[in-house]
Amino acid sequence: MMSGTLESLSGIGEDGSSIGSDSEINGLAVRRTDKYGFLGGTQYSEGSDKDIRVDVARQREMKWLDMFNNWDKWVSRRFQKVKLRCRKGIPSSLRAKAWQLLSNSKELLDSNPGRFEELEREPGDPKWLDIIEKDLHRQFPFHEMFAARGGHGQQDLFRVLKAYTVYRPEEGYCQAQAPVAAVLLMHMPAEHAFWCLVQICETYLPGYYSAGLEAIQLDGEIFFSLLRRVCPMAYRHLKKFKIDPILYMTEWFMCVFSRTLPWASVLRVWDMFFCEGVKIVFRVGLVLLKQMLGSVEKLREVQGMYETMERLRNIPPESIREDLLVVSLAVTEALIERECTIQVRKWRESRGELTHQPGRRLNGTRAIHEHKRRASAISSGGSFSFLGSIPPPGPLRASSSLLSLPGFLVWESVCLCNVVTVQCCHPVSSSLCSCF
Amino acid sequence: MAYAYLFKYIIIGDTGVGKSCLLLQFTDKRFQPVHDLTIGVEFGARMITIDGKQIKLQIWDTAGQESFRSITRSYYRGAAGALLVYDITRRDTFNHLTTWLEDARQHSNSNMVIMLIGNKSDLESRREVKKEEGEAFAREHGLIFMETSAKTASNVEEAFINTAKEIYEKIQEGVFDINNEANGIKIGPQHAATNSTLSGSQGGQQAGGGCC
């Protein structure tokens, strides 16, 4: 766990920032951080979060430690239990390791020793470095780790984001990656955070941070049509005032709600997200819309585009109950994928081909695990090594729906509708389903 | 609060030029160097008075990074005014103005009033773009121009208000069809009946809902 509390706090004053009053900043009598490290801002927790009983917490930790010891077995044989435990919230002391196991970034880390340092040593493209540097002080500025200009948090953030641009030069840097990387850094060292970020960008949310942002726009359309099923009232309201999904869901989805929800809820959402994948992002978004715009009384207060947007941009913390976020809406992976097929078709009809085909999206831990298993079964016959360090060739990634895990030499193209799955050992011969 | 008109603005320009700070200075009269990066879009609103009429400005503040450009384009729809911002201490932000302008012209309605803003005028010692260059660019492209400082608040009010004045004049001249919401102008609920004659067209009944 990294934090530079004192250094961070002394740095705030130089900036003339508005965290608390001057006396709070310059003297030692600084405002106490909340239990998540926030000094203030909208995500500061006023201590209202109920702590679970010590014995319960200890029991949960033991269960998780037991799972860690037999991780592969738990995922392959008792995944429902893993899922349930993620939904209950991962014990904070074990969260970092759990996220890395759930996302399989642990394996990337272990199989690529020294790779992060190598990436760090590269000079990097000034085009990206310039933007990254400008963004460092604009990520969770009220969190003790990131409050100080040039402090440890900001330095590590630079290292992780820069490393990614070297790792994936064709992708570079997208500003929405910064808060995601920052959340990871609040829990783990830079190298670990880097591999975790790689998994999020390439496996959980492929294409979200790519030029053109087509993947996020497509998910916006999918999200909106799911809303029609889940909460027709909110759907009609947004439609009436011509509020496109990208107006409100861009930040929600790209930052996985890290800038939207109270911090305790952010962590719960991320626990589920790592386990179950993008489905959770859709569900949480739908729950929020249902909460904000799901009744006649609520809609009466937001009669207008601006009023509605204001409400959605400033969701009152008291209206978010952690337990509500786990409400199991009938939004399944299959439904999302079916909707995706429809929206891809509509996209092609109205806007033409997608210019950037992202890699295949894997729906959380089990899909990643399954994929890994299949890959190793194939590679055990030859000299291919899964999770190696050779990045897939750029043009091929960009031109077809290929698996985006690094070093995976057996190419696979899978359409999102799950109708056709083609596996082959050479990308040229892989045929694409009509969805893409 | 009742207003005679509502104008929609959009703030555009490279990342880090101070778009969000300009908005905050205008709406809240404060400068906050520590703030979250804009991802997607942020909003602000403020009431101003022009010619004795209450005008509500509804301002959309956008993400500056190029990858967000495809999304930003959809925000132009229905904007009456745009603040195109560059940073006087960073020449590259000035060099990119042409691209921004092309985007704005292509995706907005042709009457949209564009104000060119050279921000961070308080950082004179680090200046890379002369005021005359900004003026020349504005002249060449038919924009209004001002240098501002979101930090000291210098010219911030003026930038937003002068843009509104220009829009207001266009309404008076009948350039804007105020009954077409796509122009980024709405007639206030109470004023709909009296003002409908301004446009010389078919009344302002669609503003009766009192929304926004």
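The values are calculated or read from the model by the stated rules, or taken from the named source; none is laboratory data. For clarity, every value in this text was computed on a predicted model and none was experimentally measured. In this analysis, Cβ positions are derived from the backbone assuming ideal geometry, glycine residues included, and neighbour counts consider all displayed protein chains. With ligands, DNA and RNA removed, areas are computed over all heavy atoms of the protein, side chains included. Shrake-Rupley method; radii C 1.70, N 1.55, O 1.52, S 1.80 Å.
Kindly evaluate A:Met186 against the criterion of being touching a helix residue (DSSP H, G or I) at 6+ places or on another chain (Cβ under 9 Å), more than 14 Å from every other protein chain (Cβ to nearest Cβ) and either surrounded by 23 or more Cβ atoms within 10 Å (Cβ to Cβ) or charged (D, E, K, R) (or both). Taking the combined requirement at face value, the residue satisfies it.
Checking each residue in the range B:39-64 for being under 12 Å from B:Lys19 (Cα atoms), open to solvent by less than 20 Å² (accessible area, probe 1.4 Å) and facing chain A (nearest Cβ under 8 Å) picks out B:Val41, B:Ala63.
Among the residues here, A:Ala147 does not qualify as touching a Phe, Trp or Tyr at 6+ places or on another chain (Cβ under 7 Å) and farther than 21 Å from B:Thr72 by Cβ.
Annotation: B:Val17 fulfils all but one of (1) within 13 Å of chain A (Cβ to nearest Cβ); (2) surrounded by 24 or more Cβ atoms within 10 Å (Cβ to Cβ); (3) assigned to a strand (DSSP E or B); the unmet one is (3).
Out of all the residues in the range B:114-124, is one or more without any contact (Cβ under 8 Å) to a residue 60 or more places away in the chain, buried (at least 22 other Cβ atoms within 10 Å of the Cβ) and in contact with an Asp or Glu (Cβ under 7 Å, 6 or more places away or on another chain)? Yes, the range B:114-124 has at least one match. From the residues in the range B:21-38 that are under 18 Å from B:Phe7 (Cβ atoms) and aliphatic (A, V, I, L, M), which one is nearest to the other protein chains (Cβ to nearest Cβ)? Only one residue fits best here, namely B:Leu23. The single condition among (1) open to solvent by less than 30 Å² (accessible area, probe 1.4 Å); (2) away from every other protein chain (no Cβ under 14 Å) that B:Tyr76 does not meet is (2).
Candidates are the residues of the range A:168-183 that are open to solvent by 10 Å² or more (accessible area, probe 1.4 Å) and away from chain B (no Cβ under 12 Å); the one that is nearest to A:Gly212 (Cα to Cα) is A:Glu170. Quick check, is B:Glu102 open to solvent by 60 Å² or more (accessible area, probe 1.4 Å), in contact with a strand residue (DSSP E or B) (Cβ under 7 Å, 6 or more places away or on another chain), part of a helix (DSSP H, G or I) and not hydroxyl-bearing (Ser, Thr, Tyr)? When the stated conditions are applied, B:Glu102 does not pass them. Selection over the range A:246-292 of residues that are within 23 Å of A:Leu362 (Cα to Cα) and not aromatic (Phe, Trp, Tyr) gives a count of 26.
A:Tyr164 meets each of the listed conditions (1) facing chain B (nearest Cβ under 10 Å); (2) within 18 Å of the chain's Cα centre (by Cα); (3) under 16 Å from B:Gln65 (Cβ atoms) apart from (1). Selection of the range A:232-267 for residues being away from chain B (no Cβ under 14 Å), over 24 Å from A:Arg138 (Cα atoms) and touching a residue at least 12 places away in the same chain (Cβ under 8 Å) yields A:Met233, A:Ala234. So in the range A:65-85, with the set limited to residues that are open to solvent by 30 Å² or more (accessible area, probe 1.4 Å) and touching a residue at least 60 places away in the same chain (Cβ under 8 Å), which one is nearest to A:Tyr36 (Cα to Cα)? Top of the filtered list is A:Lys83.
For the range A:276-304, taking the residues that are within 14 Å of chain B (Cβ to nearest Cβ) and on the phi < 0 side of the Ramachandran plot, the one that is nearest to the chain's Cα centre (by Cα) is identified as A:Gly285.
Here B:His107 passes the criteria (1) within 13 Å of chain A (Cβ to nearest Cβ); (2) in contact (Cβ under 8 Å) with a residue 24 or more places away in the chain; (3) open to solvent by 40 Å² or more (accessible area, probe 1.4 Å) except the one numbered (1).
Filtering the range A:132-145 to residues that are open to solvent by 30 Å² or more (accessible area, probe 1.4 Å) and at pLDDT 95 or above leaves only A:Glu133. Would you confirm, using the coordinates I've provided, whether B:Thr99 is within 28 Å of B:Val129 (Cα to Cα), more than 9 Å from chain A (Cβ to nearest Cβ) and over 16 Å from the mean Cα position of the chain (by Cα)? So B:Thr99 passes the test. Where helices (runs of 4 or more DSSP H) fall entirely within the range A:210-322, those with at least 1 residues that are more than 21 Å from A:Ile90 (Cα to Cα) are at A:214-230, A:232-240, A:245-254, A:278-293, A:296-300, A:305-313. Picking from residues in the range A:112-140 that are within 14 Å of another protein chain (Cβ to nearest Cβ) and among the aromatic types (Phe, Trp, Tyr), the one that is farthest from A:Ala193 (Cα to Cα) is A:Trp128.
Count of the range B:20-38 residues, restricted to those that are of a type in the set (S, T, N, Q) and crowded, with 18+ Cβ neighbours inside 10 Å, is 3.
Looking only at residues in the range A:86-122 that are outside any helix (DSSP H, G or I) and crowded, with 17+ Cβ neighbours inside 10 Å, the one that is modelled with the lowest pLDDT is A:Gly89. With the requirement that a residue be of a type outside the set (A, V, I, L, M, F, W, C) and open to solvent by less than 10 Å² (accessible area, probe 1.4 Å), what does the range A:189-205 give you? Within the range A:189-205, A:Gln199, A:Glu202, A:Thr203, A:Tyr204 qualify. Against the criterion of being under 27 Å from A:Leu354 (Cβ atoms), among the aliphatic types (A, V, I, L, M), crowded, with 18+ Cβ neighbours inside 10 Å and in contact (Cβ under 8 Å) with a residue 12 or more places away in the chain, A:Val278 qualifies.
Take the residues of the range A:146-161 that are assigned to a loop (DSSP other than H, G, I, E, B) and open to solvent by 40 Å² or more (accessible area, probe 1.4 Å): which is nearest to the other protein chains (Cβ to nearest Cβ)? Applying the filter and picking the extreme gives A:Arg149.
Being closer than 24 Å to A:Ser111 by Cα, part of a helix (DSSP H, G or I) and acidic (Asp, Glu) is the requirement here; does A:Glu170 meet it? For A:Glu170, the condition - closer than 24 Å to A:Ser111 by Cα, part of a helix (DSSP H, G or I) and acidic (Asp, Glu) - is not met.
Taken together, A:Ser225, A:Ser210, A:Ser258, A:Ser265 contain a single residue that is in contact with a His (Cβ under 6 Å, 6 or more places away or on another chain) and either at pLDDT 95 or above or open to solvent by less than 10 Å² (accessible area, probe 1.4 Å) (or both), which is A:Ser210.
When every residue of the range A:332-353 is checked against the conditions, none turns out to be modelled with pLDDT under 85, in a helix (DSSP H, G or I) and open to solvent by less than 30 Å² (accessible area, probe 1.4 Å).
Filtering the range B:119-143 to residues that are at negative phi and in contact with a Ser or Thr (Cβ under 7 Å, 6 or more places away or on another chain) leaves B:Asn119, B:Ser121, B:Asp122, B:Leu123, B:Arg126, B:Arg127, B:Glu128.
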